[in-house]
Each structure stands twice: as structure tokens, then as C-alpha cells.
Amino acid sequence: MARAITSQRKALNTALAWGVGLLIFFPILWTILTSFKTEAQAISDPPVFLFFDWTLENYSVVQQRSDYGRFLWNSIIIAGGSTILGIIIAVPAAWSMAFVPSKRTKDILLWMLSTKMLPAVGVLYPIYLIFIKLGLLDTKTGLVIVLMLINLPIIVWMLYTYFKEIPGEILEAARMDGATLREEVLYILTPMAIPGIASTLLLNVILAWNEAFWTLNLTAAKAAPLTAFIASYSSPEGLFYAKLSAASTMAIAPILILGWFSQKQLVSGLTFGAVK
Amino acid sequence: MGRITLDKVSKNFGDLQVIPPLDLTIDDGEFTVFVGPSGCGKSTLLRLIAGLEDVTSGQIRIDKQDATHVPPAKRGLAMVFQSYALYPHMSVRKNIAFPMKMAKVPVEEQNRRIEAAANALNLSDYLDRRPGQLSGGQRQRVAIGRAIVREPSAFLFDEPLSNLDAALRVGMRLEISELHERLETTMIYVTHDQVEAMTMADKIVVLHAGVIEQVGSPLELYHTPRNKFVAGFIGSPKMNFIEGEEAAKHGAHTIGIRPEHIEVSGETGTWSGVVSVSEHLGSDTFFHVHGTGLADTITVRAGGEVGFRHGDRIFMTPRADVIHKFDAEGLRIA
């Protein structure tokens with residue numbers, strides 16, 4: 001029997017959901033608002049919410065002081081490059097795990113996931129040394145490789161879950177219909193897995209874009225992405241809240257816009273298979 | 001042509017032998033049904049013939065050619081799956097065209113065959129729809145259409161009707177039988193439903209634990225089952241088995257009597273008993289009777305007008321000419 005939900009109850013739930021949603025969004029909203037205040041208003045007590053003198057000064061200062069375009073370009077290369085490289089490696093891996101599993105497939109998957117539980121700082125030293133040896137320090141290539149490796153377990157897991165959902169009988173039907181392995185992949189599997197591959201791509205671009213630990217530790221000037229751009233405004237001396245907020249807003253804007261337009265895809269991708 | 005021969009074919013999954021070596025010949029144009037309870041190996045046997053599983057030992061010949069190691073697509077067989085296995089991202093037309101596209105059939109010929117199949121299967125109005133927009137019966141027709149256009153030497157059906165509701169199942173059963181009459185192509189049909197087996201087959205292969213228990217026409221299996229397993233599996237309701245003193249009177253370890261071969265009466269008969277359940281179907285009535293001096297419940301099939309109720313004492317007389325006799329191993333005594 002369907003559970004009866006009164007309209008009162010429904011209104012309460014809606015209000016609660018909005019409350020939680022706003023609570024989560026509030027820091028971002030506050031950052032954006034602060035970026036339009038003067039430094040004095042930014043630290044005023046009591047804080048002002050909407051009624052202040054809106055100014056674009058912080059943005060022009062940030063733009064003058066540092067080269068936003070270069071950081072943005074580095075972010076795009078690093079996030080995009082690591083995701084594409086990861087997908088290229090993960091597709092065949094997830095493929096074989098889903099369709100020709102061995103006795104150890106589950107163990108390998110869990111082991112891969114377990115690497116995500118390791119504190120990143122635990123391997124910082126060896127990776128730093130390797131980077132010096134290979135001349136990868138402060139290069140985009142180096143960061144593409146590291147971020148790809150960091151996110152590879154998630155990419156493989158997501159694709160594996162997708163491929164698992166494709167019924168084996170459909171592939172067998174294709175085989176009976178005379179499709180070679182290449183044709184099976186081209187005409188049947190890939191078209192069926194496209195929504196899955198797309199949301200995996202999207203999630204990993206976001207993860208790589210937001211990644212701060214490795215990008216801050218392995219770059220200096222040349223390869224620094226937007227995370228380093230923000231960090232450069234959190235100086236230990238002096239308070240530049242408004243400028244820091246402007247820098248943050250500029251750094252998160254691209255990914256926020258991407259996330260906004262692809263939220264439907266992203267949600268359906270993450271909840272895929274939960275409800276048939 | 002579609003004569004399929006299995007020569008000492010066996011299948012192991014790891015250490016588990018699911019099909020011990022078996023021999024079987026399916027003649028050209030024959031409608032053969034593999035029937036048996038779940039897990040008896042009937043689907044595995046079909047998949048071995050299809051080439052979707054590799055045989056562990058033995059040889060499969062299709063039209064005298066050794067096909068044991070030939071890939072599925074090259075065997076000239078078409079398969080219809082239980083789940084339909086349609087390509088969800090393609091229209092009905094493209095689904096049906098797919099095997100022809102793979103075989104590089106010219107487009108005009110493809111269209112001709114699609115039209116013919118669509119007409120035969122009442123799919124003409126749905127050619128541009130996706131499988132998701134079709135009902136279960138329509139989907140199964142598309143799957144059959146996809147099989148027909150290949151013009152295979154044999155059709156393989158893997159429980160094609162078990163996802164359909166009862167009414168539709170009867171309809172599709174007839175359609176597949178008609179298709180066989182029309183095409184006269186070899187068909188191998190796997191089912192666990194003995195009614196499907198009895199109504200559709202030229203030849204039934206009864207499987208149990210990977211072993212062929214009996215091969216024969218539906219009526220052969222009904223009238224002269226080779227052992228107790230076949231006797232119990234073929235026929236509905238199930239045959240009654242009686243052991244002990246009553247069986248000994250007939251010189252057997254066990255005797256079997258089909259429910260429809262027992263006469264009931266209110267006054268006199270060979271055995272007596274008390275009705276525990278009576279099921280009135282209108283055309284027939286089934287009585288489940290606790291027989292006096294008999295170990296198990298006896299099922300009796302009587303006419304629709306026979307009106308005994310729960311608790312009534314009735315008398316039952318088996319027809320002497322259709323009593324099946326089995327020895328201690330369960331094999332038929334001639």
C-alpha cells in the first residue's frame with residue numbers, strides 16, 4: 001500500500017530540504033557575495049548580507065595581479081587530460097572485469113578501491129622524489145599522470161558497474177547474429193554504455209578540477225592550476241578576504257557552470273542501477 | 001538443411017560435470033523440444049549447439065560438417081532468447097536488419113526480408129519503434145523476426161515464452177507452431193513446461209541431471225515412459241505412484257496410474273478413500289484423495305459434473321490396461 005503523505009507533511013519536508021540545501025550552498029554564496037564587497041565590508045562586524053556597495057574592484061585587482069587565463073588553461077589541460085587518459089585505460093579494464101571475470105576480479109576491484117583509503121600524504125615523499133628524478137615536477141604531464149592514477153580506481157569502478165548492467169544475452173545475441181568482437185563493441189556495447197561513459201567523464205573532470213593536494217605540492221609556477229591560483233591569495237599576513245573570494249569565485253565558476261548544466265546526467269549516472 | 005548430430009558431447013564447468021557424454025540426432029525439419037526441471041542441463045545443451053559454450057569433449061555436426069569449434073555466427077543457426085535480447089538503442093527495423101547487416105546482405109534484399117518478416121509477424125506498424133515501447137509479446141515477435149531473416153538452417157529457442165503471461169503464452173505457442181509448419185526448418189526448443197513440450201514437439205528429449213532420460217514423440221512418452229522420472233514429468237496432473245502390496249499384486253516394485261485413468265464411484269471400486277481437496281474446473285474435476293491402505297494421496301481426474309466434496313468417501317478403480325509397472329530401479333517393466 002502506498003504510504004499516505006499529508007500536504008502538511010509534504011510542506012514540512014519541502015521546507016526541510018530547502019533548509020539543508022541552502023545550508024550546504026551558503027559558504028559558496030557567501031564567497032560570491034564577499035567577492036563584490038570592499039575589503040572593509042568583507043570583515044565588518046556585524047557582517048552585511050546584501051545591502052553593501054557592490055563593486056567589481058576585487059576582480060580587476062585579481063586580474064591585474066595574476067594571469068587568470070594561464071591558471072585556467074592549466075586546469076583544463078590537467079582535468080581534461082587526466083580524465084581522457086583514465087577512460088582510455090579504464091574502458092578495457094572494466095570491460096574484461098565485467099564480461100570475462102576471473103575468480104580474482106572482485107579482489108582486484110576491492111584492492112583498487114582500497115588505494116583510495118590511503119592518506120595521500122603517505123606517498124607524497126616517494127612520488128615527489130620520482131618526479132624530481134623524471135623531471136616531472138611543475139609540469140602538466142606530471143600532474144595529468146598523477147591525477148589520472150588517483151582517480152583511476154573510481155573510473156574503473158564506475159565503468160564496471162555500467163558494463164555489468166548490460167545483459168550478457170544481448171552480447172550473445174550479437175554474437176549469434178554474426179558480429180565480430182569489434183562490431184559487437186562498436187554497434188552494441190558502446191552505444192548502450194554511452195550514458196555511463198559520459199557521467200564517468202563528467203564526475204572525473206570535476207574531481208580532477210577540484211583536486212588540491214597534489215596540484216599544490218607538485219607545482220610551482222609553470223603548471224599551477226586554479227587551485228594554486230586560489231591558494232596564492234590566502235597569505236599569512238594581512239587580510240584580503242574580498243580578493244580571496246574573488247579569486248575563488250573565478251576558480252570555481254567554470255566547474256559550477258559545467259555541473260549546473262550536466263546535473264541531470266550526473267545524478268542519473270551516480271544512481272544508475274539503484275532502481276531498475 | 002538442418003540436421004544436427006551430437007556425438008559423445010559432454011560439458012564440465014570447472015570440476016562439475018553438468019552434461020555427461022551424450023549422443024543425440026535432430027533430423028532436418030524436425031521440431032525438437034528439450035524438456036526437464038530447472039538445472040537439468042537443457043539450456044546448457046542448447047548453448048553448446050549454438051556455440052555460446054565450448055564443449056568439454058565430443059563432437060557437434062551440423063549437416064555432416066564438424067561444427068565443434070566453429071564460432072556461433074558461422075554455424076548458420078539463429079537463437080531466440082528468454083529475455084528477448086533485443087538491442088534497446090535500435091529501432092525494430094534496425095534490430096531485424098542487424099544480422100543481415102553483419103552478413104553484408106544488399107540493402108534492397110534486407111528491406112525485402114524485413115517487410116516479409118514484419119508482415120508475417122504483425123510488426124509492420126511498429127518498425128520504427130524502439131523495443132522499450134513494445135509489449136512483451138511484440139518484443140518476442142521482433143526477436144523471432146530477427147531470427148527468421150537470417151534464413152538459418154535451424155532455430156534455437158531458449159524458453160522463449162516464460163516471460164509472457166499465460167494467455168499470451170498460448171497464443172505465441174500457436175504462432176511458433178505455425179511458423180514451423182510454414183518454414184519447415186529445424187527447430188530446437190527448450191522449456192521446463194511439459195504442456196509446451198507435448199503440444200509443440202515432433203520429438204521430445206527429456207533431460208534430468210544432464211542425462212537424456214528418453215527421446216520420443218509426445219504420445220510415445222505419454223503411453224510408454226521408459227522410467228519413473230519420465231512417467232512423472234510428462235502428463236498433467238502428475239502420474240500417481242503406488243508402492244508396496246498393491247504394486248506387488250501386479251508383480252512390480254511401483255505401479256503408476258495417470259489421474260485420467262481412474263474411475264470414481266460412490267458405491268464400489270478397487271480402492272476407497274476420503275476426498276481431501278476437490279478442484280472444480282468446469283470441464284474437469286480433480287480430486288485429491290487419502291486412500292485407505294495407500295501411502296500417498298491419489299489424484300483423480302473426473303468429469304466436470306462429478307460432485308464429490310471434501311470429506312466424502314469415494315471408490316476408485318484404475319483401468320487395468322494402462323497401469324505402468326516399474327522395478328526397484330524405477331525402470332519400466334515391459
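Do we find a residue being away from chain B (no Cβ under 14 Å) and on the phi > 0 side of the Ramachandran plot anywhere in segment A:148-167?
no
Test of understanding: among B:Arg313, B:Arg301, B:Arg309, B:Arg319, which residue is charged (D, E, K, R), in contact with a strand residue (DSSP E or B) (Cβ under 8 Å, 6 or more places away or on another chain), surrounded by 14 or more Cβ atoms within 10 Å (Cβ to Cβ) and in the same structural domain as B:Ala252 (by TED's automatic domain parsing)?
Matching residue, one of B:Arg313, B:Arg301, B:Arg309, B:Arg319: B:Arg301.
Identify, from the list B:Ala118, B:Ala166, B:Ala147, the residue that is assigned by TED's automatic domain parsing to the domain that holds B:Ser43, within 28 Å of B:His192 (Cβ to Cβ), crowded, with 16+ Cβ neighbours inside 10 Å and small (Gly, Ala, Ser).
B:Ala147
Please verify whether B:Arg93 is out of contact with any Gly (no Cβ under 8 Å at 6 or more places or on another chain), more than 14 Å from every other protein chain (Cβ to nearest Cβ), closer than 21 Å to A:Glu183 by Cβ and surrounded by fewer than 21 Cβ atoms within 10 Å (Cβ to Cβ), treating the condition exactly as stated.
yes
Which residues, taken from segment B:288-303, are part of a loop (DSSP other than H, G, I, E, B) and either at pLDDT 85 or above or at positive phi (or both)?
Correct list: B:Gly293 only.
Would segment A:206-223 turn up any residue that is under 30 Å from B:Pro152 (Cβ atoms) and either touching a helix residue (DSSP H, G or I) at 6+ places or on another chain (Cβ under 9 Å) or within 14 Å of another protein chain (Cβ to nearest Cβ) (or both)?
Within segment A:206-223, none of the residues are under 30 Å from B:Pro152 (Cβ atoms) and either touching a helix residue (DSSP H, G or I) at 6+ places or on another chain (Cβ under 9 Å) or within 14 Å of another protein chain (Cβ to nearest Cβ) (or both).
Would a scan of segment A:129-144 turn up a residue that is exposed (fewer than 15 other Cβ atoms within 10 Å of the Cβ), in contact (Cβ under 8 Å) with a residue 12 or more places away in the chain and more than 14 Å from chain B (Cβ to nearest Cβ)?
no
Considering only residues that are outside any helix (DSSP H, G or I) and either of a type in the set (Lys, Arg) or free of Cβ contacts under 8 Å to residues at least 12 places away in the same chain (or both), which ones fall in segment A:161-211?
Matches in segment A:161-211: A:Pro167, A:Asp177, A:Gly178, A:Ala179, A:Thr180.
So which helices (runs of 4 or more DSSP H) are wholly in segment B:116-202 and hold at least 3 residues that are within 17 Å of the chain's Cα centre (by Cα) and touching a residue at least 24 places away in the same chain (Cβ under 8 Å)?
In segment B:116-202, the matching helices (runs of 4 or more DSSP H) lie at B:166-183, B:194-200.
Criterion first (among the hydrophobic types (A, V, I, L, M, F, W, C) and surrounded by 16 or more Cβ atoms within 10 Å (Cβ to Cβ)) does A:Leu85 satisfy it?
For A:Leu85, the condition - among the hydrophobic types (A, V, I, L, M, F, W, C) and surrounded by 16 or more Cβ atoms within 10 Å (Cβ to Cβ) - is met.
Name the single residue, out of those in segment B:219-272 being in a helix (DSSP H, G or I) and among the aromatic types (Phe, Trp, Tyr), that is nearest to B:Ile323 (Cα to Cα).
Applying the filter and picking the extreme gives B:Tyr222.
Tell me which residues, restricted to segment A:59-112, are aliphatic (A, V, I, L, M) and outside any helix (DSSP H, G or I).
A:Val100
Against the condition under 24 Å from B:Ile234 (Cα atoms), aliphatic (A, V, I, L, M) and in contact (Cβ under 8 Å) with a residue 12 or more places away in the chain, how does B:Leu24 come out, does it pass?
yes
Against the definition (surrounded by fewer than 18 Cβ atoms within 10 Å (Cβ to Cβ), closer than 26 Å to A:Gly168 by Cβ and of a type in the set (Asp, Glu)), how does B:Asp125 come out, yes or no?
It is false that B:Asp125 is surrounded by fewer than 18 Cβ atoms within 10 Å (Cβ to Cβ), closer than 26 Å to A:Gly168 by Cβ and of a type in the set (Asp, Glu).
Looking only at segment B:273-287, count how many residues are among the hydroxyl-bearing types (Ser, Thr, Tyr) and in a loop (DSSP other than H, G, I, E, B).
Result for segment B:273-287: 1.
State which residue is surrounded by the fewest Cβ atoms within 10 Å (Cβ to Cβ) when the search covers only segment A:170-188 and only residues that are within 34 Å of the chain's Cα centre (by Cα) and at the interface with another protein chain (Cβ under 7 Å from one of its Cβ atoms).
Per the stated criteria, the residue is A:Glu183.
The values are calculated or read from the model by the stated rules, or taken from the named source; none is laboratory data. Everything numeric here is computed off the predicted structure, so don't read it as measured data. Neighbour counts are summed over all protein chains in view; Cβ atoms, including those assigned to glycine, are modelled from backbone coordinates with ideal geometry.
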